[in-house]
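J.: Provided herewith is a single structure, encoded as structure tokens, for subsequent inquiry.
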Amino acid sequence: MPANEPATTLGEDYSSEGAAPTTWSAAVGGMTEAEIFWLSTVRPEGRPHVTPVLAVWADGALHFCTGPGERKAKNIEGNAYCVLTTSTAGGNDLHAGLDVVVEGEAVRVEDEPTLLGLAEAFEAKYGSEWHFDVLDGAFKGAAGSRALVFRVVPVTAFGFGRGETYSQTRWRFDGEG
């Protein structure tokens, strides 16, 4: 988890006159409520790969899971840097909502206490159909399938506010980005 609040700047060239930067707490609230995220990774030969995932915000990071044989897991094995994107209230409406983009490194979560907490968080957010047991450093689904769990701590994040005014906010953590 980042030790400090991020440095927050408004991209004035890309924001409406009079717009204010979105607060990090508003972005976190949006990510907490959002159900679908888009995960962008890079294939070994350099082509991009984007796919929807479910994610939970916990301990200052986004967490998602995937089967070990899936393309996104293979991509992360070769290059752990990724981007998670979501839209909050308003969805794809041009005149309402907030889009949040989080850049960071996907790191495997394998310790049982953390996995148990994340399994509870997934079920609390998405319902009992997303119940996971924890076995051998991964989630185990109802059908017995194994899912690796990854944590993405934000390095840089962006917020694109839509509504009466449009805003582009950049959050930088620990001087990165």
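J.: If we restrict to alpha carbons, what Rg and Dmax does segment 1-93 come to, in Å?
T.: 15.6, 48
J.: Can you compute the modelled spin-label distance between GLU17 and GLU70, with each label point 7 Å from Cα toward Cβ, in nm?
T.: 4.7 nm
J.: Give the Kirkwood hydrodynamic radius (Å, one decimal) of segment 65-157, defined as one over the mean of 1/r across all pairs of different Cα atoms.
T.: After inverting the pairwise mean of 1/r, the radius is 14.6 Å.
J.: Taking Cα atoms of the chain, Rg/Rh with Kirkwood Rh, to two decimals?
T.: On the Cα set of the chain, Rg over Rh gives 0.99.
J.: If R0 is 41 Å, what FRET efficiency do you get for THR9 and GLU129 from their C-beta distance, rounded to 0.05?
T.: The calculated FRET efficiency here is 0.55.
J.: Next up: How much length, in nm to one decimal, is gained on full extension between THR114 and ALA89, taken as 0.36 nm per residue of separation minus their Cα-Cα distance?
T.: 6.1 nm
J.: Roll a 1.4 angstrom probe over the protein heavy atoms and tell me the percent of accessible area of segment 1-158 that is carbon or sulfur.
T.: Carbon and sulfur atoms account for 51 percent of the accessible area of segment 1-158.
J.: For the pair TYR81 and ARG47, what calculated FRET efficiency results from E = 1/(1 + (r/R0)^6), where r is the Cβ-Cβ distance and R0 = 22 Å, to the nearest 0.05?
T.: Computed FRET efficiency for ARG47 and TYR81 comes out at 0.90.
J.: When only the heavy atoms of the protein chains count and the probe is 1.4 Å, how do LYS125, LYS140 rank by accessible area, highest first?
T.: Largest accessible area first, the residues go LYS140, LYS125.
J.: I would also like to ask the following. Helix 112-126: angle to the longest alpha-carbon principal axis of the chain, degrees 0 to 90, nearest 10?
T.: 60 degrees
J.: Could you pull the accessible area for VAL155 with a 1.4 Å probe, rounded to 10 Å²?
T.: For VAL155, the solvent-accessible surface is approximately 50 Å².
J.: Continuing with this model, one more query. Could you give the accessible area per residue of the chain, probe 1.4 Å, as a whole number in Å²?
T.: Heavy-atom SASA per residue in the chain reads 53 Å².
J.: Something else now. What is the extension gain from ARG172 to ARG146, computed as 0.36 nm multiplied by their sequence separation minus the C-alpha to C-alpha distance, in nm to one decimal?
T.: Value of the extension gain: 6.0 nm.
J.: State the percent of C-alpha pairs, over all pairs in segment 47-102, separated by a distance greater than 19 angstrom.
T.: 39 percent
J.: Additional query: Summing +1 for each Lys or Arg and -1 for each Asp or Glu, what net charge is found among the other residues whose Cβ lies under 12 Å from the Cβ of GLY159?
T.: Spelling it out: positives minus negatives among the neighbours equals +1.
J.: Further question on the same structure: Give me the three principal axis extents of segment 31-73 from the C-alpha atoms, as integers in angstrom, largest value leading.
T.: Result, largest extent first: 34, 18, 17 Å.
The values are calculated or read from the model by the stated rules, or taken from the named source; none is laboratory data. Quantities reported herein were computed from a predicted structural model and do not represent experimental measurements. Glycine also receives a Cβ, built like all others from the backbone with ideal geometry; neighbour counts cover every protein chain displayed. Accessible surface is based on the protein model in full, side chains and every heavy atom, while ligands, DNA and RNA are left aside. Shrake-Rupley method; radii C 1.70, N 1.55, O 1.52, S 1.80 Å.
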